[in-house]
Amino acid sequence: MIPLLIYIAIFIAAFFIVTKVVQKAVPADYTSLKTVTFGDESAVRPNRAAGIISILTIFLMWGIFTGSNLLPGFLHAPGPFEGTTTFTYTAEANGETDDAEVTVIVHPREVETNTPEVDPGDGFAKNDGAKVAQWRTGLINVDRNDDLTKSDGAQVVAINGEAIAPGETVYIDGGSVTLSDKGTPNFEPTRGWQMEPLYLPAPEEVWTRTITIASEGFRNFTLVEHLGYSLFRVIVGFLIGALVGIPLGYAMGLSNWFRGWFDPIVEFMRPVPPLALIPLVIIWAGIGETGKIILLFLAALWIMAIAARAGVSGVKISKVHAAYSLGASKWQIMRHVIIPNSLPEIFTGARVAMGVCWGTVVAAELVAAEQGAGMMIMTASKFQNTDIVIMGIILIGVIGFGIDMLMRWAERILVPWKGKG
Amino acid sequence: MTGLSIQNLSMRFELPNGGAVQALQDVSLDLKEGELLSVLGPSGCGKTTLLNIVAGFLAPTEGKLIMNGHEVHGPDAERGMVFQQGALFEWMSVRENVAFGPSMKGMPKGEKAEIVDHLLDVVGLQDFKEKAIYELSGGMQQRVALARCLANDPDVILMDEPLGALDALTREKMQSLVLKLWKETGKTIILITHSVEEALLLGERLIVMAPRPGRIHTEYRLPFAELGVGADLREVKKHPDFGPKREEILSMIWDMEEEIMGRTEDAA
Ligand SMILES: Nc1ncnc2c1ncn2[C@@H]1O[C@H](COP(=O)(O)OP(=O)(O)OP(=O)(O)O)[C@@H](O)[C@H]1O
Ligand SMILES: [Mg+2]
């Protein structure tokens with residue numbers, strides 16, 4: 001809730017600072033010469049400043065709530081309590097009461113500490129020492145060293161002088177004490193607002209982990225190999241899918257018989273998500289490369305076939321007529337009219353197919369694989385290596401984005417007439 | 001025997017709902033080599049259908065088509081077509097579009113380049129040779145379409161409202177260009193138009209078609225095309241016969257349209 005509010009605050013503040021203060025000073029570009037911009041979609045351009053601030057904000061939020069040391073300390077959200085705190089408990093037995101002090105050391109999870117030695121003090125209740133890791137809770141058996149224990153009828157009736165009953169809580173410095181059902185104090189150190197590294201490590205930790213894995217590898221394969229395997233599967237699966245799917249789509253666009261024969265198959269397979277095929281493919285082909293490539297082939301096949309079919313069906317009949325009147329043969333019309341005319345559709349299909357394949361390969365690797373981006377994050381998650389999981393997700397996103405940019409670039413170079421017919 | 005002979009053509013479209021449209025009924029027409037024919041008629045009277053049959057894209061339900069002594073059974077390079085718009089190949093440059101016909105025939109490079117250069121000169125697009133189609137204005141695109149058709153050296157050129165999408169000024173320039181090309185190349189040309197003035201200017205012969213069923217209603221022989229070659233078309237329009245002819249044809253088409261409207265109103 002608080003992170004969301006901070007995020008919205010940054011959004012609004014940045015909006016006013018950039019649009020009302022900074023951009024007032026810069027000369028207007030041509031879009032601002034239009035009198036009508038609201039509702040004119042072509043006048044909507046992503047604001048560069050907004051984009052940059054957006055990305056920075058994500059890292060900023062990430063840093064704030066993980067106590068990143070990339071940020072100056074005053075920007076950190078309050079961290080979890082660390083150090084030593086004390087509280088007193090009041091024990092009652094046989095109508096008598098006695099106070100004793102409990103000293104608790106709260107330590108980071110990865111740091112080992114010893115239970116503090118304390119002087120037992122006087123009375124039937126003796127002072128105690130305990131240690132609790134951050135973000136954890138600890139039951140403190142305060143009566144263990146007392147002269148009168150629970151079995152003697154002793155029970156805790158107050159913490160720091162405040163009366164307490166089982167199920168109730170008393171707040172103390174650095175945490176809170178709740179009495180369990182059985183009457184044992186349960187100490188919970190203050191968590192602060194930061195995320196526990198187990199759930200969300202700081203950005204620099206993800207970064208150092210990336211460096212380590214890039215140089216040392218993960219599970220017998222280097223980082224590049226893991227990503228390379230995933231990419232390799234996608235490319236091979238996609239290429240085979242395109243190699244089969246495009247001619248199939250052409251045949252479906254040009255022949256009644258092919259259209260009739262394959263329409264039911266294609267229309268049935270199209271809505272089946274490739275992920276649903278993973279179990280069957282594993283049964284048939286195992287978890288090795290073959291299975292993955294068959295899966296990606298199937299993922300790309302229908303998309304490419306449908307794209308090629310749409311490309312053929314989309315040819316303007318006047319273009320075909322014109323070509324016939326100019327003396328072109330059927331084969332020449334195929335080569336010089338139908339194929340080039342279908343290329344924009346095929347490129348659109350290829351972009352979609354690459355995206356789907358990339359998603360499918362990661363999912364398939366999550367299920368079962370010896371190596372690959374998906375396997376990496378799945379294995380890491382089993383060992384609670386959240387930093388590797390986050391690194392993997394970021395890399396998967398970056399590669400997916402890179403693939404799409406590459407496809408767009410190829411599209412601009414190879415089919416410059418797209419959308420201009 | 002050269003020329004084009006259209007003999008008793010009828011065309012019936014069977015509709016999926018069981019009905020049928022008689023798009024053409026018993027249309028006959030003889031065109032000598034080098035004749036310039038313009039075709040007028042209210043919308044839906046079968047002009048495009050007639051042209052598509054002549055081009056060979058449609059087979060008539062009855063009648064036949066004789067071209068240079070042989071019967072027509074499909075599209076062929078001897079009958080070139082200029083479409084209203086959107087029939088250029090946008091994946092090719094202007095030059096490649098114009099060279100399409102010769103390339104399909106496997107014409108040697110040098111000869112092809114010569115033809116293309118000459119035609120681009122004729123239509124005034126030499127500077128746009130390597131440009132992409134989508135970088136050209138509508139008028140330029142139609143000039144490319146004309147040049148592409150001519151590069152193939154057809155005997156008959158069929159045009160279905162080739163200038164329909166152009167502005168008045170560009171249109172006038174294109175009309176002069178069509179006349180010039182007609183005179184210089186001596187091609188037989190059939191031109192469909194919705195503009196009565198254009199039909200008068202670009203037709204040695206003019207036929208007015210009537211709808212339901214589509215048929216030839218009236219035929220004229222006109223002097224304006226000859227007068228217009230190399231001349232200012234606005235001068236031609238001042239010819240004493242021009243205005244009366246225009247009014248006559250306009251009211252004829254107007255009457256047909258009224259009749260159609262009346263009939264649809266009756267049906268409703
Ligand atoms: N493929 C088709 N199927 C069914 N009916 C058709 C088909 N093509 C044309 N028609 C019908 O034939 C008639 C003549 O159509 P056509 O396109 O030849 O008219 P047109 O004279 O070219 O009209 P316009 O001036 O509007 O272009 C119309 O009634 C039309 O609805
Ligand atoms: Mg028409």
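Volume per residue of the convex hull around the Cα atoms, evaluated for region A:327-400, comes out as 93 Å³. In loop segments of region B:80-182 as defined by DSSP, the trypsin sites (Lys or Arg not before Pro) with at most 15 further C-beta atoms inside 10 Å of their C-beta are B:Lys129, B:Lys131. One quarter of the convex hull surface built on the alpha carbon atoms of region A:2-75 amounts to 6.4 nm², the projected area averaged over directions.
Straight Cα distances below 24 angstrom link B:Lys180 to the lysines B:Lys32, B:Lys112, B:Lys129, B:Lys237, B:Lys238, B:Lys245, with same-chain residues fewer than 8 positions distant left out.
Restricting to the protein assembly as shown, compute how many DSSP beta bridges are antiparallel as a %, nearest 5. Each step should come with its number before you reach the end.
Working: 51 of 74 bridges.
DSSP beta bridges in the protein assembly as shown are roughly 70 percent antiparallel.
When the Kirkwood hydrodynamic radius is evaluated over all pairs of different C-alpha atoms of chain A, what value in angstrom, to one decimal, is obtained? After inverting the pairwise mean of 1/r, the radius is 27.8 Å.
Hey, what angle do you get for helix B:242-267 against the long axis of chain B, alpha-carbon based, 0 to 90 degrees rounded to 10? Tilt relative to chain B: about 60 degrees.
Computed over region A:241-334, the percent of Cα pairs more than 15 Å apart is 66.
Label positions at B:Ala165 and A:Ala9, each projected 7 Å from the Cα along the C-beta direction, are separated by 5.7 nm.
Spin-label pair B:Thr2-A:Leu75: with each label point 7 Å from Cα along the Cα-Cβ axis, the two points sit 8.5 nm from one another. Charge dipole of chain A (Cα centre as origin; +1 on each Lys and Arg Cβ, -1 on each Asp and Glu Cβ, all else neutral): 4500 debye, rounded to the nearest 20.
The length gained by stretching the chain between A:Asp404 and A:Ile2 to full extension, at 0.36 nm per residue less their Cα-Cα distance, is 141.2 nm. Cross-link check: pairs B:Lys105/B:Lys173; A:Lys316/B:Lys47; B:Lys47/B:Lys187 evaluated at a Cα-Cα cut-off of 22 Å; pairs beyond the cut-off: B:Lys105/B:Lys173.
Under 14 Å from the Cβ of A:Ser313, count the other residues' Cβ atoms, weight Lys and Arg +1, Asp and Glu -1, and hand me the total. It would help to have the intermediate numbers written out before the result.
Values: positive: A:Arg259, A:Arg309, A:Lys316, A:Lys319; negative: A:Asp263, A:Glu345.
Charge balance in the 14 Å sphere: +2.
By the Cα gyration tensor, region A:83-189 has an equivalent ellipsoid whose semi-axes, rounded to whole angstrom, run 22, 15, 11 from largest to smallest.
Run the numbers for A:Leu254 and A:Ala363: contour at 0.36 nm per residue of separation, minus the present Cα-Cα distance, in nm. Mind showing how you got there, number by number?
On the way: separation 109, 0.36 × 109 = 39.24 nm, distance 3.56 nm.
That works out to 35.7 nm of additional length.
Using a Förster distance of 25 Å, how high is the FRET efficiency between B:Ser137 and A:Ile55, based on the Cβ-Cβ distance and rounded to 0.05? Step by step, r from the Cβ atoms, then E = 0.05.
A simple packing score, the average count of other Cβ atoms within 10 Å per residue, orders the peptides A:373-381, A:400-408 as A:373-381, A:400-408, with the highest score first.
Spin-label model, B:Gln126 to A:Val244: label points 7 Å out along the Cα-to-beta-carbon direction sit 5.6 nm apart. Does anyone have the angle between helix A:48-64 and the longest principal axis of chain A? Alpha-carbon axes, 0 to 90°, nearest 10? The answer is roughly 30 degrees. Measure nothing but the geometry: give the 0 to 90° angle between the long axis through the Cα atoms of A:289-313 and the longest principal axis through the Cα atoms of chain A, rounded to 10°. With rounding to tens, the tilt is 50 degrees.
Grab the Cα-Cα distance for A:Asp40 and A:Glu289, subtract it from 0.36 nm times how many residues apart they are, and report the gain in nm with one decimal. Spell out each step's value before the answer.
On the way: separation 249, 0.36 × 249 = 89.64 nm, distance 4.91 nm.
That pair, A:Asp40 and A:Glu289, stretches by 84.7 nm at full extension.
On the beta carbon distance between A:Phe268 and B:Asp117, with R0 = 60 Å, the FRET formula returns roughly 0.65.
Since every read-out is calculated from the coordinates, none of them should be taken as a lab result. None of these values were measured; they are calculated from a predicted model. Positions of Cβ are backbone-derived with ideal geometry, glycine not excepted, and every protein chain shown enters the neighbour counts.
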